[in-house]
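**Student:** Below is a structure I'd like to ask you about.
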Amino acid sequence: MQNFISLAQIDEIAQKIRNQISIQPIVGITLGSGLNDLADSVQKAIHVPYSDLPNFPVSTVQGHVGRFVIGELEGKPVLVMQGRVHFYEGYTMGQVTLPVRVMQRLGIQNFFVTNAAGGVNPDFVPGDVMLITDQLNIAGMAGMTPLMGPNLDEIGPRFPDMSRPYDYEYGDLAGKVARENGITLREGVYVGLSGPSFESPADLRFLRMAGADAVGMSTVPEVIVARHGNMRVLGLSGISNKANLDGSTMTTHEEVIEAGKVITPKIETIIRGVLRSL
Ligand code: HPA
């Protein structure tokens, strides 16, 4: 596949999906590692496996299913990504963010994104959910960023604003839903690294000093692309482990998947509540 994905390639995928659905989704939802179950409660669901779509990246990671689920949640038309691909799988930033481009060409203006993350903030405990209020694009600062290459002028400007990556109103709504349901909702800055190795204690102390509250291997490129196309973004991190700032504990993928079982119902409640008020 060529380095840059053209609008024609994006539109070909969007058209294939459009041909299979009779609704206009208003929210695109991306589910993170171990957080896939929400897709199973979509009503009147149509499933489109990523492998049926031309040039569409397919996840190689355990805990990621690999299909679009299109239907209704809380009566609202949604397109859910059950599984996503990551940069560390060897995909380009363009491939990693292709699903968000497809959402945009399907006319979807809202992007709800979830991920599993390590808690860098020492107050966070595994099982917590964090509302992402801002993000640190460390991979981007090192040149790995999805908007590299020709700009897709039909979607957004060459130099998109990032002063407000995460929508304030959706953040407030998520907070309200969490309070009403007795869920403690943490808030903070998500930092996206490329992975796949987890962070060293020195990495984590550096990230903490830089203002990070949670660390993961996704979301940041997708949110940049979402904002490039002016989508409104809600971001939720499931804190699956305490990041290991002093080297006293180890982090494993199994732990991330296990914590997802506690986190999924909380994230589902919040997303359903926000959807209800749209
Ligand atoms: N670091 C990076 N990514 C992660 C972590 C972590 O500790 N936990 C879940 N995803």
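The values are calculated or read from the model by the stated rules, or taken from the named source; none is laboratory data. If you're wondering where the values come from, they're calculated on a predicted model, not measured in any experiment. No Cβ is skipped: glycine too gets one built from the backbone with ideal geometry, and neighbour counts run over all protein chains shown. All accessible areas refer to the heavy atoms of the entire protein, side chains included, with ligands and DNA or RNA removed. Shrake-Rupley method; radii C 1.70, N 1.55, O 1.52, S 1.80 Å.
**Student:** State yes or no: is Ala178 surrounded by 14 or more Cβ atoms within 10 Å (Cβ to Cβ) and assigned to a helix (DSSP H, G or I)?
**Tutor:** Numbers: surrounded by 14 or more Cβ atoms within 10 Å (Cβ to Cβ): yes; assigned to a helix (DSSP H, G or I): yes.
It is true that Ala178 is surrounded by 14 or more Cβ atoms within 10 Å (Cβ to Cβ) and assigned to a helix (DSSP H, G or I).
Per-residue answers, yes or no, for (1) touching an Asp or Glu at 6+ places or on another chain (Cβ under 7 Å); (2) away from the ligand (no atom under 13 Å from the Cβ); (3) among the β-branched types (Val, Ile, Thr); (4) open to solvent by 50 Å² or more (accessible area, probe 1.4 Å):
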residue	(1), (2), (3), (4)
Arg205	no, yes, no, yes
Met231	no, yes, no, no
Gly238	no, no, no, no
His253	no, no, no, yes
Thr264	yes, yes, yes, no
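**Student:** While we're here: I need the full set of residues from the stretch 149-175 which are farther than 20 Å from Thr97 by Cα and open to solvent by less than 20 Å² (accessible area, probe 1.4 Å), in order please.
**Tutor:** Answer for the stretch 149-175, where residues must be farther than 20 Å from Thr97 by Cα and open to solvent by less than 20 Å² (accessible area, probe 1.4 Å): Tyr170, Gly171, Ala174, Gly175.
**Student:** Only one of (1) aliphatic (A, V, I, L, M); (2) more than 12 Å from the ligand (Cβ to nearest atom); (3) out of contact with any helix residue (DSSP H, G or I) (no Cβ under 7 Å at 6 or more places or on another chain); (4) farther than 30 Å from Ala8 by Cβ is not met by Val223, so which one is it?
**Tutor:** (4)
**Student:** Take the conditions modelled with pLDDT of 95 or more, under 29 Å from Arg105 (Cβ atoms) and among the hydrophobic types (A, V, I, L, M, F, W, C) and apply them to Val177. Does it pass? Full working, then the answer.
**Tutor:** Working: modelled with pLDDT of 95 or more: yes; under 29 Å from Arg105 (Cβ atoms): no; among the hydrophobic types (A, V, I, L, M, F, W, C): yes.
For Val177, the condition - modelled with pLDDT of 95 or more, under 29 Å from Arg105 (Cβ atoms) and among the hydrophobic types (A, V, I, L, M, F, W, C) - is not met.
**Student:** Could you look through the stretch 72-100, keep only residues that are in a helix (DSSP H, G or I) and either in contact with a strand residue (DSSP E or B) (Cβ under 6 Å, 6 or more places away or on another chain) or β-branched (Val, Ile, Thr) (or both), and pick out the one that is surrounded by the most Cβ atoms within 10 Å (Cβ to Cβ)?
**Tutor:** Quick first cut of the stretch 72-100, residues in a helix (DSSP H, G or I) only: 87-89, 93-100.
Filter once more, keeping what is either in contact with a strand residue (DSSP E or B) (Cβ under 6 Å, 6 or more places away or on another chain) or β-branched (Val, Ile, Thr) (or both): 96-97, 99-100.
Details: Val96: 22, Thr97: 26, Pro99: 26, Val100: 28.
So, considering only residues that are in a helix (DSSP H, G or I) and either in contact with a strand residue (DSSP E or B) (Cβ under 6 Å, 6 or more places away or on another chain) or β-branched (Val, Ile, Thr) (or both), the one surrounded by the most Cβ atoms within 10 Å (Cβ to Cβ) is Val100.
**Student:** Sticking with this one: Which ones in the stretch 59-73 are among the aliphatic types (A, V, I, L, M) and modelled with pLDDT under 85?
**Tutor:** Val61, Val65
**Student:** Open to solvent by 30 Å² or more (accessible area, probe 1.4 Å), farther than 19 Å from Thr30 by Cα and either touching a Lys or Arg at 6+ places or on another chain (Cβ under 6 Å) or assigned to a strand (DSSP E or B) (or both), is that true of Arg186?
**Tutor:** yes
**Student:** Exactly one of these conditions fails for Thr249: (1) touching a residue at least 24 places away in the same chain (Cβ under 8 Å); (2) farther than 30 Å from Arg158 by Cα; (3) in a loop (DSSP other than H, G, I, E, B). Give me its number.
**Tutor:** If we test Thr249 against (1) touching a residue at least 24 places away in the same chain (Cβ under 8 Å); (2) farther than 30 Å from Arg158 by Cα; (3) in a loop (DSSP other than H, G, I, E, B), just (1) comes out false.
**Student:** Met103 - would you say it is open to solvent by 10 Å² or more (accessible area, probe 1.4 Å) and more than 22 Å from Ser240 (Cα to Cα)? Even if it seems obvious, please write down each step before you answer.
**Tutor:** Working: open to solvent by 10 Å² or more (accessible area, probe 1.4 Å): no; more than 22 Å from Ser240 (Cα to Cα): yes.
No; evaluated as a whole, the condition is false for this residue.
**Student:** Okay, next question. Within the group Ser200, Ser194, which residue is more than 21 Å from Thr92 (Cα to Cα), open to solvent by 30 Å² or more (accessible area, probe 1.4 Å) and either out of contact with any strand residue (DSSP E or B) (no Cβ under 8 Å at 6 or more places or on another chain) or not basic (Lys, Arg) (or both)? Before the answer, list the steps.
**Tutor:** Working: Ser194 fails: more than 21 Å from Thr92 (Cα to Cα).
Of Ser200, Ser194, the one residue that is more than 21 Å from Thr92 (Cα to Cα), open to solvent by 30 Å² or more (accessible area, probe 1.4 Å) and either out of contact with any strand residue (DSSP E or B) (no Cβ under 8 Å at 6 or more places or on another chain) or not basic (Lys, Arg) (or both) is Ser200.
**Student:** I would also like to ask the following. Can you tell me which residue is farthest from Ser197 (Cα to Cα) among those in the stretch 76-105 that are among the small types (Gly, Ala, Ser) and touching a residue at least 12 places away in the same chain (Cβ under 8 Å)?
**Tutor:** Among those residues, the one meeting the criterion is Gly94.
**Student:** Would you check which residues across the stretch 113-148 are within 11 Å of Gly188 (Cβ to Cβ), away from the ligand (no atom under 16 Å from the Cβ) and open to solvent by less than 40 Å² (accessible area, probe 1.4 Å) and list them?
**Tutor:** Leu131
Okay, residues lined up against (1) at pLDDT below 95; (2) in contact with an Asp or Glu (Cβ under 9 Å, 6 or more places away or on another chain):
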position: Tyr168; (1), (2): no, no
position: Ile183; (1), (2): no, no
position: Tyr190; (1), (2): no, yes
position: Ser200; (1), (2): yes, no
position: Asp213; (1), (2): no, yes
position: Ser248; (1), (2): yes, no
position: Ile257; (1), (2): yes, no
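**Student:** To continue, here is another question. When you look at Thr114, is it assigned to a strand (DSSP E or B) and in contact (Cβ under 8 Å) with a residue 40 or more places away in the chain, yes or no?
**Tutor:** yes
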